[in-house]
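Nothing in this text is a laboratory measurement; each read-out follows from the coordinates by a stated rule. These numbers were taken from a predicted model, which means no experiment stands behind them. Neighbour counts run over all protein chains shown; Cβ positions are idealised from the backbone, glycine included.
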Amino acid sequence: GTVNLAEGDLNRPADLTATEPAPAQPSPRAPLAAIRAADWESRVTKAKEPVLVLVTGAACADCRFAAPMLKGLAAEFPNWSLYSLQDSPEASKVLPQSANRTPPVFLLYEKGLLRSVRQGLPFPRAKDESDADYQERLSRWFRDALTQKSFTFARH
């Protein structure tokens, strides 16, 4: 068989060493950027702005549902820092001892102090409720909680 090459291809040297650029590390201000236990003090307990931390787990289906919803809310709360922290033995060193560690866990900090803790999503998905409707209902609840800086009095 004959192979037809475009004229430019004959003179172009093959570059077998080219690689894709490494993905950029998320900015600390990127919504729901991953945080490590080593960064906890500088980004959470010494933060001037309010902070929400989502503690996630590898097998946590609710975490995968909550993360995009929280990222969507980030634009409405530009003065907040929103982070995700993978539950691990290292993470347990920085998590409050009183917090249930079954992901998802949501931690609200203000001026470095833990203000509110929520384990799990605030309500179950209604029967026959679409993903979009459930996420919208969760968004309203979390918007209320962030506005109040507390999970205690957020409305359903």
For this session: Convert each backbone phi in region 57-65 into a coupling constant with the Karplus relation 6.51 cos²θ - 1.76 cosθ + 1.60 (shift: θ = phi - 60°), then list the ³J(HN,Hα) values in order as whole Hz, x for Gly and Pro.
Result: x, 4, 9, 8, 5, 5, 5, 5, 7
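Distances longer than 16 Å among the Cα atoms of region 29-102: what percent of all pairs is that?
48
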Seminar exercise, completed: In whole Hz, the Karplus estimates of ³J(HN,Hα) for region 82-92 (6.51, -1.76, 1.60; θ = phi - 60°; x where Gly or Pro) are 10, 10, 10, 10, 6, 4, 6, x, 5, 5, 4
Seminar exercise, completed: For region 102-156, listing chymotrypsin sites (Phe, Trp or Tyr not before Pro) in a DSSP loop whose Cβ sees at most 11 other Cβ atoms within 10 Å gives 153
Seminar exercise, completed: Stokes-Einstein, Kirkwood over Cα pairs, region 37-156, 10 °C, 1.306 mPa s; D in µm²/s equals 109
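Report the full-extension gain for the segment residue 150 to residue 36: residue separation times 0.36 nm, less the Cα-Cα distance, to one decimal in nm. Please report the intermediate quantities before stating the final value.
Working: separation 114, 0.36 × 114 = 41.04 nm, distance 2.38 nm.
Between residue 150 and residue 36, full extension yields an extra 38.7 nm.
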